[in-house]
Amino acid sequence: MPEQRSVRVAADDIVVVGTGMAGLITALSLAPRPVTLITKTSTLESGSSLWAKGGIAAAVGPGDSPEAHAEDTLTAGAGLSDRRRALALTREGADSLRLLVQEGVPFDRALDGTLELAREAAHGRPRIVHAGGDATGRVIMSALIERARRTPSIKILRSAFAHELVVQDGAVRGLLVFEHGKGWSQRHASHVVLATGGIGMAWWHTTNPAESTGDGLAIAARAGAQLTDLEFMQFHPTALAVNTEAGNANLPLLTEALRGAGALLVDQAGKRFMSAVHPAAELAPRDVVARAIEQKITAGGSVYLDMRPVIANGLAGEFPEAVHACRDAGLDPATDLLPIVPAAHYHMGGIHVDDDGHTSLDGLWACGEVANTGVHGANRLASNSLLEAVVYARRVAAGIQRAPALRDEQPLPIQEAPEVPVPGTEKRLDLIIAATRSAVSRHVGIVRSGVGLQRALQQFRVLDAQLGKIAMCQVQDA
Ligand code: SIN
């Protein structure tokens, strides 16, 4: 990283941070209005949308309704979802699918051309739409990335880290960005949209990619935006435990749909155990399954997913990503039991937004996993996140279009660029990050206690003091 701390000034109309599904759809929906899209990675083929193995939930099947979909959403949310917003979300299911089809997404269809609808745990009906089976995230993202690349109003900054929001009189007016190879710039903008994804990297095991480090949440918090429901983190029960002893954090997800297709959970003796825990056994709600597996592992046991029934049922073709992940790990799902651990999966809490995706700070918007829309409550219903990303990205774009133009702007003071790690301090940063993840994994995991949370807080205070004022700009080399 260059040591120079001078700050260039750039002017943008709208800056969108994050190039997952929410960020790309916001930018595409604003076209032809100019948008600068910022990603800290060196490629658009990154972020957790790409890793989505579930599909998009939409009440479009015979006998289904947005009301029924909303009821399932509320039940999964443990009574803590916003009912009005959940219903508004599910009512936009069909429209969201239409938009994605227009953007070129080839959803999986039956021979007669109708959408294939799958069922997932806690959904009362088949209403999950996939594209390429469990490769849905990859297929949707490849269509959206292609569209974004061909949209002249979208300018893309790669290897660029959004470090701080520029706030004036309580309103966000831009952001301070560190670009690999170019250094610092203060980008003035009328609107900043945070679509930076989740926080899975705060735990030792996550189904998220390495990029999910909570940067958007952090800069919003430092700017004084309201954050809500931060304690609501969803753990997925079945991440493939590959190279965990070597410190591998980003574990391949073995989709819940595998259990819907007959896969079983067994212990080290090869015995099923979920029937004793919940009447729905392997198809019990995600939090119940994750807790049962965690208990077994904490007691010194191991847990495996047995995918052989799926293969015997001739359904392996629907799970190309799962089969690929197993083979990559040297496992044959036709013969081997697959070792699994629960892993940090999806953050329900986040930057508090209104119906339009606007935050508590003027000029700042948020959508996708970083936002807390209130629809998921304490536990997100499977496959509702991609739907929420589409719906709120479009609302953010519509809200920005309706917003009055800024008048009589005061000149913005140029922020001082922070110190970036100089050779020798990176190791110290790595140790601080590792200690933070240890404290989070030990005390802020699936099962928590007041004492454990207090311990975590004490450790965070010590680590924060050690960190001092060094900027953590985790940009990928261009
Ligand atoms: C899965 O396919 O198991 C995950 C889907 C989701 O989290 O929505």
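Only one of 309, 320 is loosely packed, with under 15 Cβ neighbours inside 10 Å, of a type outside the set (Val, Ile, Thr) and within 16 Å of the ligand (Cβ to nearest atom); which? Don't jump to the end; show me each part of the working.
Numbers: 309 fails: within 16 Å of the ligand (Cβ to nearest atom).
Selected residue: 320, the only one of 309, 320 that is loosely packed, with under 15 Cβ neighbours inside 10 Å, of a type outside the set (Val, Ile, Thr) and within 16 Å of the ligand (Cβ to nearest atom).
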Breaking point among (1) more than 16 Å from the ligand (Cβ to nearest atom); (2) assigned to a loop (DSSP other than H, G, I, E, B), for residue 378: (1)
The lone exception for residue 211 - which of (1) closer than 30 Å to residue 436 by Cα; (2) buried (at least 22 other Cβ atoms within 10 Å of the Cβ); (3) within 16 Å of the ligand (Cβ to nearest atom); (4) of a type in the set (Asp, Glu) it fails: (3)
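Let's see how each residue does on (1) modelled with pLDDT of 95 or more; (2) away from the ligand (no atom under 16 Å from the Cβ):
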| residue | (1), (2) |
| --- | --- |
| 382 | no, no |
| 394 | yes, yes |
| 404 | no, yes |
| 418 | no, yes |
| 439 | yes, yes |
| 444 | yes, yes |
| 448 | yes, yes |
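One line per residue, one yes/no per condition, for (1) touching a residue at least 60 places away in the same chain (Cβ under 8 Å); (2) not polar (S, T, N, Q):
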residue: 306; (1), (2): no, yes
residue: 318; (1), (2): yes, yes
residue: 327; (1), (2): no, yes
residue: 364; (1), (2): yes, yes
residue: 373; (1), (2): yes, no
Which listed residue, of 154, 140, 128, is touching a helix residue (DSSP H, G or I) at 6+ places or on another chain (Cβ under 7 Å), among the β-branched types (Val, Ile, Thr) and within 16 Å of the ligand (Cβ to nearest atom): 140
Exclusive hit being more than 16 Å from the ligand (Cβ to nearest atom) and farther than 29 Å from residue 30 by Cβ, set 133, 113, 104: 113
Failed criterion for residue 230 (all others in (1) within 16 Å of the ligand (Cβ to nearest atom); (2) within 16 Å of the chain's Cα centre (by Cα); (3) modelled with pLDDT of 95 or more hold): (1)
Long-range neighbours under 8 Å by Cβ, at least six apart or interchain, first residue closer than 16 Å to residue 200 by Cα within the range 236-265, second near the ligand (Cβ under 9 Å from one of its atoms) and among the basic types (Lys, Arg): 236/286; 237/286; 238/259; 253/53
In the range 137-164, the residues that are assigned to a helix (DSSP H, G or I) and among the hydrophobic types (A, V, I, L, M, F, W, C): 139, 140, 141, 143, 144, 145, 148
Matching entry among 68, 27, 58, 22 (being buried (at least 22 other Cβ atoms within 10 Å of the Cβ), over 15 Å from the mean Cα position of the chain (by Cα) and within 25 Å of residue 345 (Cβ to Cβ)): 58
Of all residues in the range 29-87 being within 16 Å of the ligand (Cβ to nearest atom) and touching a strand residue (DSSP E or B) at 6+ places or on another chain (Cβ under 8 Å), the one that is nearest to residue 211 (Cα to Cα): 51
Of all residues making up the range 275-294, the number that are in a helix (DSSP H, G or I), under 18 Å from residue 379 (Cβ atoms) and more than 15 Å from the ligand (Cβ to nearest atom): 3
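The values are calculated or read from the model by the stated rules, or taken from the named source; none is laboratory data. On a predicted model such as this, the values are computed, not experimentally measured, just so you know. So basically every Cβ, Gly included, is an ideal-geometry build from the backbone, and we count neighbours across all protein chains shown.
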